[in-house]
Amino acid sequence: MTSRGLDLLGREECLNLLRTNSFGRVGMKIADDPVILPVFYAMVEDEVVFRTDPGTKLIAAVLETRVAFEVDDRSDGWSVLVIGHSHEVRHPSPEMTAIPPPLGDRWPAGERERFVRIEIDRVTGRRLTRVG
Amino acid sequence: MTIVDNRGMDALINLRTGLEELDRDECMRLLAHAPLGRLAVIVSGYPLVFPVNFALDGNAVVLRTDSGTKLYGARNGPVAFECDGVDSTYHTGWSVLIHTNAEEVHNPFEIARLERLPLGPWCPGPKPTWLRLRAATISGRRIPMHGCTNTQEDLQCP
(Lines give C-alpha, C1' and ligand atoms only; values in the text may rest on other atoms or scores of the structure.)
Protein backbone atom coordinates (compact mmCIF):
# COMPACT_ATOMS: atom_id res chain seq x y z
CA MET A 1 0.00 0.00 0.00
CA THR A 2 1.27 3.43 -0.87
CA SER A 3 0.43 6.60 0.97
CA ARG A 4 1.84 9.99 -0.01
CA GLY A 5 5.05 8.60 -1.51
CA LEU A 6 5.48 6.02 1.23
CA ASP A 7 5.02 2.28 1.08
CA LEU A 8 3.26 1.10 4.20
CA LEU A 9 4.90 -2.17 5.23
CA GLY A 10 3.17 -5.28 6.50
CA ARG A 11 3.99 -7.07 9.73
CA GLU A 12 6.27 -9.70 8.18
CA GLU A 13 8.29 -7.15 6.25
CA CYS A 14 8.63 -5.02 9.40
CA LEU A 15 9.87 -8.04 11.38
CA ASN A 16 12.34 -8.87 8.61
CA LEU A 17 13.68 -5.32 8.67
CA LEU A 18 14.01 -5.45 12.45
CA ARG A 19 16.09 -8.63 12.04
CA THR A 20 18.49 -6.85 9.68
CA ASN A 21 19.44 -4.25 12.29
CA SER A 22 20.78 -4.29 15.84
CA PHE A 23 20.41 -0.70 17.03
CA GLY A 24 17.11 0.93 17.91
CA ARG A 25 15.41 3.28 20.32
CA VAL A 26 13.00 2.56 23.12
CA GLY A 27 10.35 5.21 23.78
CA MET A 28 8.87 5.25 27.27
CA LYS A 29 6.72 7.45 29.41
CA ILE A 30 8.40 8.38 32.69
CA ALA A 31 6.03 10.34 34.92
CA ASP A 32 4.29 12.38 32.20
CA ASP A 33 7.34 12.83 29.98
CA PRO A 34 8.35 10.87 26.93
CA VAL A 35 11.91 9.50 26.93
CA ILE A 36 13.94 7.96 24.10
CA LEU A 37 16.81 5.63 24.97
CA PRO A 38 18.99 3.93 22.36
CA VAL A 39 19.71 0.20 22.73
CA PHE A 40 21.53 -2.59 20.96
CA TYR A 41 18.99 -5.34 20.45
CA ALA A 42 18.33 -8.70 18.84
CA MET A 43 15.14 -10.32 17.63
CA VAL A 44 14.37 -13.51 19.53
CA GLU A 45 11.20 -15.37 18.53
CA ASP A 46 9.64 -12.22 17.06
CA GLU A 47 10.29 -10.17 20.18
CA VAL A 48 12.78 -7.34 20.68
CA VAL A 49 15.35 -8.30 23.32
CA PHE A 50 18.11 -6.16 24.81
CA ARG A 51 20.49 -6.12 27.73
CA THR A 52 20.27 -3.44 30.34
CA ASP A 53 21.39 -2.43 33.80
CA PRO A 54 19.13 -1.65 36.76
CA GLY A 55 18.04 1.75 35.39
CA THR A 56 15.09 3.38 33.64
CA LYS A 57 14.63 0.72 30.97
CA LEU A 58 14.56 -2.08 33.54
CA ILE A 59 12.07 -0.23 35.74
CA ALA A 60 9.76 0.17 32.74
CA ALA A 61 10.09 -3.55 32.06
CA VAL A 62 9.43 -4.64 35.63
CA LEU A 63 6.28 -2.53 35.59
CA GLU A 64 5.37 -4.14 32.24
CA THR A 65 4.63 -0.73 30.78
CA ARG A 66 3.62 0.00 27.23
CA VAL A 67 6.61 1.15 25.21
CA ALA A 68 7.45 2.18 21.67
CA PHE A 69 10.47 0.83 19.83
CA GLU A 70 11.82 2.48 16.69
CA VAL A 71 14.43 1.39 14.15
CA ASP A 72 15.27 3.20 10.93
CA ASP A 73 17.74 3.11 8.09
CA ARG A 74 18.23 6.47 6.49
CA SER A 75 20.24 5.19 3.52
CA ASP A 76 17.59 2.59 2.65
CA GLY A 77 14.77 4.98 3.55
CA TRP A 78 12.69 2.88 5.93
CA SER A 79 11.50 3.07 9.49
CA VAL A 80 9.69 0.60 11.71
CA LEU A 81 7.71 1.43 14.84
CA VAL A 82 6.77 -1.22 17.38
CA ILE A 83 4.13 -0.71 20.02
CA GLY A 84 4.38 -3.26 22.76
CA HIS A 85 4.83 -4.10 26.39
CA SER A 86 8.22 -4.54 28.00
CA HIS A 87 8.93 -7.36 30.41
CA GLU A 88 11.98 -8.36 32.37
CA VAL A 89 13.34 -11.75 31.32
CA ARG A 90 14.20 -13.60 34.51
CA HIS A 91 15.65 -16.68 32.84
CA PRO A 92 17.31 -15.58 29.59
CA SER A 93 17.77 -18.23 26.92
CA PRO A 94 21.23 -18.97 25.43
CA GLU A 95 20.09 -16.98 22.37
CA MET A 96 19.58 -13.95 24.61
CA THR A 97 22.81 -14.27 26.57
CA ALA A 98 24.62 -14.40 23.22
CA ILE A 99 23.55 -10.79 22.55
CA PRO A 100 26.79 -8.83 22.91
CA PRO A 101 26.82 -6.06 25.53
CA PRO A 102 27.25 -2.55 24.09
CA LEU A 103 30.84 -2.27 25.23
CA GLY A 104 31.83 -5.79 24.23
CA ASP A 105 34.20 -7.39 26.69
CA ARG A 106 35.07 -4.02 28.20
CA TRP A 107 31.82 -3.85 30.12
CA PRO A 108 32.46 -4.17 33.87
CA ALA A 109 31.76 -7.68 35.12
CA GLY A 110 28.28 -8.12 36.51
CA GLU A 111 26.84 -5.14 34.64
CA ARG A 112 24.22 -5.22 31.87
CA GLU A 113 23.21 -8.67 33.07
CA ARG A 114 19.49 -7.99 33.02
CA PHE A 115 17.42 -8.70 29.95
CA VAL A 116 14.29 -7.00 28.71
CA ARG A 117 11.95 -8.25 26.01
CA ILE A 118 9.34 -6.20 24.17
CA GLU A 119 6.24 -8.21 23.36
CA ILE A 120 5.00 -6.75 20.09
CA ASP A 121 1.35 -5.71 20.06
CA ARG A 122 1.52 -3.77 16.82
CA VAL A 123 4.24 -3.07 14.30
CA THR A 124 4.08 -0.58 11.46
CA GLY A 125 6.66 0.41 8.90
CA ARG A 126 7.19 2.86 6.13
CA ARG A 127 9.52 2.87 3.18
CA LEU A 128 10.13 5.84 0.96
CA THR A 129 8.80 5.11 -2.51
CA ARG A 130 11.54 5.07 -5.12
CA VAL A 131 10.70 7.30 -8.03
CA GLY A 132 11.60 6.30 -11.59
CA MET B 1 33.89 10.65 38.35
CA THR B 2 36.34 12.62 36.22
CA ILE B 3 38.61 10.86 33.82
CA VAL B 4 41.05 12.17 31.26
CA ASP B 5 40.71 10.96 27.71
CA ASN B 6 43.41 10.77 25.08
CA ARG B 7 42.63 14.28 23.87
CA GLY B 8 43.76 15.52 27.25
CA MET B 9 40.22 16.66 28.02
CA ASP B 10 38.28 16.00 31.14
CA ALA B 11 35.43 13.60 30.65
CA LEU B 12 32.75 12.60 33.10
CA ILE B 13 32.09 8.88 33.29
CA ASN B 14 28.95 7.58 34.94
CA LEU B 15 30.18 4.68 37.05
CA ARG B 16 26.86 2.83 36.94
CA THR B 17 26.51 2.87 33.18
CA GLY B 18 30.16 3.15 32.12
CA LEU B 19 29.07 5.91 29.72
CA GLU B 20 30.62 9.34 29.29
CA GLU B 21 28.22 12.16 30.20
CA LEU B 22 28.37 14.95 27.61
CA ASP B 23 28.05 18.64 28.39
CA ARG B 24 25.69 21.00 26.60
CA ASP B 25 28.29 22.29 24.14
CA GLU B 26 29.26 18.77 23.07
CA CYS B 27 25.58 17.82 22.75
CA MET B 28 24.95 20.80 20.47
CA ARG B 29 28.04 19.99 18.40
CA LEU B 30 26.79 16.42 17.88
CA LEU B 31 23.27 17.59 17.03
CA ALA B 32 24.67 19.96 14.40
CA HIS B 33 26.13 17.01 12.48
CA ALA B 34 23.35 14.47 12.97
CA PRO B 35 21.45 13.66 9.77
CA LEU B 36 18.23 12.44 11.40
CA GLY B 37 16.46 12.76 14.73
CA ARG B 38 13.55 11.09 16.46
CA LEU B 39 10.62 12.78 18.12
CA ALA B 40 8.71 11.10 20.95
CA VAL B 41 5.24 12.24 21.92
CA ILE B 42 2.62 10.89 24.28
CA VAL B 43 -0.70 10.10 22.63
CA SER B 44 -3.61 8.66 24.64
CA GLY B 45 -1.18 8.09 27.49
CA TYR B 46 1.31 6.06 25.46
CA PRO B 47 4.71 6.91 23.94
CA LEU B 48 5.27 7.00 20.18
CA VAL B 49 8.57 7.60 18.38
CA PHE B 50 8.95 9.02 14.85
CA PRO B 51 12.03 9.65 12.71
CA VAL B 52 12.25 13.31 11.68
CA ASN B 53 14.55 15.49 9.67
CA PHE B 54 15.53 18.63 11.52
CA ALA B 55 17.75 21.68 11.44
CA LEU B 56 19.28 23.83 14.14
CA ASP B 57 18.14 27.44 14.41
CA GLY B 58 20.64 28.79 16.88
CA ASN B 59 20.39 26.40 19.79
CA ALA B 60 16.82 25.34 18.97
CA VAL B 61 15.82 22.26 16.99
CA VAL B 62 13.32 23.06 14.24
CA LEU B 63 11.32 20.57 12.21
CA ARG B 64 8.30 20.44 9.95
CA THR B 65 5.26 18.26 10.29
CA ASP B 66 1.81 17.70 8.88
CA SER B 67 -1.37 17.65 10.92
CA GLY B 68 -0.98 14.04 12.05
CA THR B 69 -0.05 12.23 15.24
CA LYS B 70 3.23 14.07 15.84
CA LEU B 71 1.56 17.47 15.83
CA TYR B 72 -1.33 16.25 17.96
CA GLY B 73 1.09 14.87 20.53
CA ALA B 74 3.35 17.93 20.42
CA ARG B 75 0.39 20.26 20.95
CA ASN B 76 -0.89 18.34 23.92
CA GLY B 77 2.12 17.55 26.05
CA PRO B 78 5.88 17.47 26.49
CA VAL B 79 8.08 15.96 23.79
CA ALA B 80 11.46 14.27 23.68
CA PHE B 81 13.88 14.65 20.80
CA GLU B 82 16.78 12.25 20.32
CA CYS B 83 19.76 11.94 18.00
CA ASP B 84 22.36 9.21 18.02
CA GLY B 85 25.27 7.78 16.13
CA VAL B 86 26.92 4.38 16.22
CA ASP B 87 30.30 3.31 14.96
CA SER B 88 30.21 -0.47 14.85
CA THR B 89 33.86 -0.67 13.77
CA TYR B 90 35.13 1.02 16.91
CA HIS B 91 32.18 -0.15 18.98
CA THR B 92 31.38 3.32 20.12
CA GLY B 93 28.30 5.48 19.92
CA TRP B 94 26.58 8.49 21.37
CA SER B 95 23.11 9.83 21.98
CA VAL B 96 21.68 13.22 22.84
CA LEU B 97 18.25 13.66 24.40
CA ILE B 98 16.22 16.87 24.69
CA HIS B 99 13.11 17.34 26.81
CA THR B 100 10.88 20.30 26.18
CA ASN B 101 7.51 21.56 25.06
CA ALA B 102 7.29 22.17 21.33
CA GLU B 103 6.42 25.68 20.14
CA GLU B 104 4.50 26.14 16.91
CA VAL B 105 5.90 28.86 14.68
CA HIS B 106 3.11 31.06 13.30
CA ASN B 107 4.89 34.26 12.33
CA PRO B 108 5.15 34.29 8.50
CA PHE B 109 8.44 36.21 8.59
CA GLU B 110 9.88 33.61 10.95
CA ILE B 111 8.60 30.82 8.71
CA ALA B 112 10.13 32.48 5.65
CA ARG B 113 13.45 32.61 7.50
CA LEU B 114 13.21 28.98 8.63
CA GLU B 115 12.39 27.86 5.10
CA ARG B 116 15.87 28.95 4.09
CA LEU B 117 17.42 26.44 6.50
CA PRO B 118 18.82 23.25 4.97
CA LEU B 119 15.94 21.00 5.89
CA GLY B 120 14.34 18.39 3.67
CA PRO B 121 11.49 16.11 4.77
CA TRP B 122 12.20 12.54 5.98
CA CYS B 123 9.15 11.49 4.03
CA PRO B 124 7.23 13.23 1.24
CA GLY B 125 3.96 15.12 1.55
CA PRO B 126 3.05 18.62 2.69
CA LYS B 127 4.51 19.63 6.03
CA PRO B 128 2.90 23.00 6.68
CA THR B 129 3.61 23.27 10.40
CA TRP B 130 6.95 24.34 11.86
CA LEU B 131 7.84 23.24 15.37
CA ARG B 132 10.62 24.75 17.43
CA LEU B 133 12.14 22.80 20.31
CA ARG B 134 14.10 24.94 22.74
CA ALA B 135 15.80 22.46 25.03
CA ALA B 136 14.46 22.74 28.56
CA THR B 137 16.94 20.00 29.41
CA ILE B 138 19.59 18.43 27.21
CA SER B 139 21.72 15.44 28.08
CA GLY B 140 24.13 13.29 26.15
CA ARG B 141 25.98 10.06 26.64
CA ARG B 142 28.80 8.39 24.75
CA ILE B 143 30.31 4.92 24.87
CA PRO B 144 33.99 5.65 25.49
CA MET B 145 36.23 4.42 22.69
CA HIS B 146 38.46 1.49 23.52
CA GLY B 147 41.87 2.61 24.72
CA CYS B 148 40.91 6.27 24.73
CA THR B 149 40.16 6.69 28.38
CA ASN B 150 42.10 6.28 31.55
CA THR B 151 40.69 6.84 34.97
CA GLN B 152 42.37 9.26 37.32
CA GLU B 153 43.20 6.26 39.46
CA ASP B 154 44.88 4.57 36.50
CA LEU B 155 46.85 7.67 35.72
CA GLN B 156 48.02 7.97 39.28
CA CYS B 157 49.19 4.39 39.38
CA PRO B 158 52.95 3.98 38.94
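The values are calculated or read from the model by the stated rules, or taken from the named source; none is laboratory data. Just so you know, these numbers come straight off a predicted model, no measurement behind them. Every residue, glycine as well, gets a Cβ built from its backbone with ideal geometry; the counts of neighbours run over all protein chains shown. For accessibility, only protein heavy atoms count, side chains too; no ligands or nucleic acids. Shrake-Rupley method; radii C 1.70, N 1.55, O 1.52, S 1.80 Å.
Quick notes on this one:
- Residue in the range B:74-86 that is within 16 Å of residue B:26 (Cβ to Cβ) and of a type in the set (D, E, K, R) present: yes
- Residues of the range A:1-49 satisfying the condition of being part of a loop (DSSP other than H, G, I, E, B) and under 24 Å from residue B:85 (Cβ atoms): A:21, A:22
- Qualifying positions in the range A:37-56 - crowded, with 23+ Cβ neighbours inside 10 Å and modelled with pLDDT of 95 or more: A:48
- Residue tally, condition surrounded by fewer than 19 Cβ atoms within 10 Å (Cβ to Cβ) and touching a Leu at 6+ places or on another chain (Cβ under 8 Å), over the range A:57-94: 4
- Set A:89, A:123, A:82, A:131: member being under 22 Å from residue B:51 (Cα atoms), modelled with pLDDT under 95 and of a type in the set (A, V, I, L, M): A:131
- Across the range A:19-31, the number of residues qualifying as of a type in the set (A, V, I, L, M, F, W, C) and surrounded by fewer than 23 Cβ atoms within 10 Å (Cβ to Cβ) comes to 3.
- Some residue of the range B:106-118 being under 18 Å from residue B:40 (Cβ atoms), open to solvent by less than 60 Å² (accessible area, probe 1.4 Å) and not in a strand (DSSP E or B): no
- Every pair of residues 6+ apart whose Cβ atoms lie under 9 Å, when the first sits in the range B:77-104 and is over 16 Å from residue B:48 (Cα atoms) and modelled with pLDDT of 90 or more while the second is among the aromatic types (Phe, Trp, Tyr) and part of a strand (DSSP E or B): B:84/A:23; B:84/B:94; B:85/B:94; B:96/B:81; B:104/B:130
- Note on the range B:30-91: enclosed strands (runs of 3 or more DSSP E) holding 1 or more residues that are of a type in the set (Phe, Trp, Tyr) and open to solvent by 20 Å² or more (accessible area, probe 1.4 Å) are B:46-52.
- Where a residue in the range A:55-84 is more than 19 Å from residue A:33 (Cβ to Cβ) and its partner, wherever it lies, is surrounded by fewer than 19 Cβ atoms within 10 Å (Cβ to Cβ) and modelled with pLDDT under 90, with Cβ under 7 Å and at least six apart: A:74/B:35; A:77/A:128
- Residue B:15 meets each of the listed conditions (1) modelled with pLDDT of 95 or more; (2) open to solvent by 20 Å² or more (accessible area, probe 1.4 Å); (3) among the aliphatic types (A, V, I, L, M); (4) over 18 Å from the mean Cα position of the chain (by Cα) apart from (1).
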